[in-house]
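Visitor: Let me begin by handing over the structure; questions about it come next.
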């Protein structure tokens, strides 16, 4: 009995020490410190291809250095540079079964300045009818890097316009991928598309905490650090899209989790902390990163997106996109048993959030890659507006969310739990 009492006392002492330790590292004051820098006016909205996003990247790299992270996969710094091919449409024309196609209903993703083809030129024709998830289908086509003519049913007209951001930022998709909005299924066709192709430098920011006994098994904590920059002034004269919630909040969480796990220093699996660039213009940072890591060795991905405001359920709650696609969420919730925090399934299914964030590319490759968020996507008042500023965030609740992620991920980080794989996109 005396031994049992001593053991219980030791466990109580450990849990108390653990709680006090996490509170010292993850708290509202630290949230505010990082958020204040990333979402300040001096960052000018952290737009891709501006000096301000470079300043943000330098700040994140400095934080990773303080956390004691290592460089990723042979890099000589925390930045992961790459070039993104930008495509500016000059002209587009086409006909299907002898009928002219409206140029506004043609989208080309390519790094070729001239795309000129007919049905005899080896293009695979795909017809996407009203029953499919358009964004999901596109995510499966991009990595294939094959010549496709994709006929998109007019049912998808609204989402079709979203594809234009991919067309303008063609990344490295060398084989032309042409989309046409139409209800037809042509047997003959001819398209000619002229584009101006340029190359622009970008960089993710990546740091690594090597694992102890399972170094070749990776757990990723990610966010995106870019936003929309500066635009026309709103009614209050504010022209800066500060992006405090989108996604300085997620980036703040990644930095704080890196610090927490770095100090804990007991991770059996290798932890990778990455903040992506160019999410707002097409998710190109995460697309590039996914090609630099072995998806088969990646056990889980915690993508953190807009966690600064209270969810539809109030405080101490967040939702997980693609909740039913793996047991990732169940594992997290199991590790929070006895706490007040609750992870919920994504309530905004019609928004296609699972395939709209930086988790999508690795999820398409079978990784249990999920986004954690609190943003009320049907009614978030400051989403993509100049009013997305630090004053609109709940620092205390945000700290609780980050703590919940830290605690709920422990069994995955330690190697005890391995989430089930997501079905790969064909």
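Visitor: Of these, 151, 142, which one is surrounded by 15 or more Cβ atoms within 10 Å (Cβ to Cβ) and touching a helix residue (DSSP H, G or I) at 6+ places or on another chain (Cβ under 8 Å)?
Guide: The match here is 142.
Visitor: Scan segment 82-94 and give yes if some residue there is at pLDDT below 95, in a loop (DSSP other than H, G, I, E, B) and either surrounded by 13 or more Cβ atoms within 10 Å (Cβ to Cβ) or in contact with a strand residue (DSSP E or B) (Cβ under 8 Å, 6 or more places away or on another chain) (or both), otherwise no.
Guide: The answer is no, given that none of the residues of segment 82-94 is at pLDDT below 95, in a loop (DSSP other than H, G, I, E, B) and either surrounded by 13 or more Cβ atoms within 10 Å (Cβ to Cβ) or in contact with a strand residue (DSSP E or B) (Cβ under 8 Å, 6 or more places away or on another chain) (or both).
The rows are residues; the columns are (1) under 24 Å from residue 41 (Cα atoms); (2) within 18 Å of the chain's Cα centre (by Cα); (3) without any contact (Cβ under 8 Å) to a residue 40 or more places away in the chain; (4) surrounded by fewer than 17 Cβ atoms within 10 Å (Cβ to Cβ).
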position: 375; (1), (2), (3), (4): yes, yes, no, no
position: 381; (1), (2), (3), (4): yes, no, yes, yes
position: 390; (1), (2), (3), (4): yes, no, no, no
position: 393; (1), (2), (3), (4): yes, no, no, no
position: 397; (1), (2), (3), (4): yes, no, no, no
position: 400; (1), (2), (3), (4): no, no, no, no
position: 404; (1), (2), (3), (4): no, no, no, no
position: 407; (1), (2), (3), (4): no, no, no, no
position: 411; (1), (2), (3), (4): no, no, no, yes
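Visitor: In segment 50-61, is there at least one residue being on the phi > 0 side of the Ramachandran plot, at pLDDT 95 or above and under 22 Å from the mean Cα position of the chain (by Cα)?
Guide: No: zero hits.
Visitor: Spot the failing condition for residue 204; the list is (1) in contact with a helix residue (DSSP H, G or I) (Cβ under 9 Å, 6 or more places away or on another chain); (2) assigned by TED's automatic domain parsing to the domain that holds residue 262, and only one is missed.
Guide: (2)
Visitor: Can we say residue 45 is in contact with a helix residue (DSSP H, G or I) (Cβ under 9 Å, 6 or more places away or on another chain), in contact (Cβ under 8 Å) with a residue 40 or more places away in the chain, crowded, with 17+ Cβ neighbours inside 10 Å and not assigned by TED's automatic domain parsing to the domain that holds residue 280? Give the steps one after another, and end with the answer.
Guide: Values: in contact with a helix residue (DSSP H, G or I) (Cβ under 9 Å, 6 or more places away or on another chain): yes; in contact (Cβ under 8 Å) with a residue 40 or more places away in the chain: yes; crowded, with 17+ Cβ neighbours inside 10 Å: yes; not assigned by TED's automatic domain parsing to the domain that holds residue 280: no.
Criteria not met by residue 45.
Visitor: Yes or no: residue 292 more than 17 Å from the chain's Cα centre (by Cα) and over 26 Å from residue 390 (Cβ atoms)? Show your work before the answer.
Guide: On the way: more than 17 Å from the chain's Cα centre (by Cα): no; over 26 Å from residue 390 (Cβ atoms): yes.
So residue 292 does not fit the description; no.
Here is a yes/no grid of residues against (1) closer than 22 Å to residue 410 by Cα; (2) part of a helix (DSSP H, G or I):
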residue	(1), (2)
281	no, no
285	no, yes
288	no, yes
307	yes, no
331	yes, yes
338	yes, no
344	yes, no
361	no, yes
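The values are calculated or read from the model by the stated rules, or taken from the named source; none is laboratory data. Since we're looking at a predicted model, the values are computed, not measured. Reconstructed Cβ throughout: ideal geometry from the backbone, glycine too, with neighbour counts over all protein chains shown.
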